[in-house]
Structure formats: structure tokens, C-alpha cells
Amino acid sequence: GRGQVVYFVTKEGQVSNMRLTRSTGFADLDKEAMKAFGKYKFVPGQEGYTVHDFEFSLRGPELSEAGRLRTSMNQ
């Protein structure tokens, strides 16, 4: 899915005032993108709003891991 966020970079290089301006259509992907952009650090001294397009591309077969819980007391 493709999406877009707008955020403000403070003079200290921190991200603030983030908002999703285009959703991927998947709430979990949108949430993870916002979490990732919130961790960005920029060179101090820059300041202003920026628009950032992003894309998630999932390839390959779906994998599922076997659970690790025991199904009986004998294991």
C-alpha cells in the first residue's frame, strides 16, 4: 500500500505535528508508518513542514509460525 504523511521538523531536528494525509487502506500499515516517521532525527537547525510519501511492498508467500504453547501436560 502507498500512503503519505506530513510532519514538522523542529529546530532541534525532532519530528512533531505528524498527520496521515493519504492512507494505505490498512490501519496496521498506517500505524507502523507513523511510528517509524516519529523516530526520524534530522540535522539540527533545519525547521519546517515536509511531505513524505511511503510504500509498503509485501512479496513472497505468507508464512505462519507454529505456536510455542504446549497442547498437553506431557510435552
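Surface analysis of segment 4-58 yields an accessible area of 69 Å² per residue, using protein heavy atoms and a 1.4 Å probe.
Heavy-atom accessible area with a 1.4 Å probe sorts F26, F56, F37, F8, largest first, into F26, F56, F8, F37.
The values are calculated or read from the model by the stated rules, or taken from the named source; none is laboratory data. Since we're looking at a predicted model, the values are computed, not measured. Please note that ligands, DNA and RNA were not included when accessible areas were found on the heavy atoms of the full protein model with its side chains. Shrake-Rupley method; radii C 1.70, N 1.55, O 1.52, S 1.80 Å.
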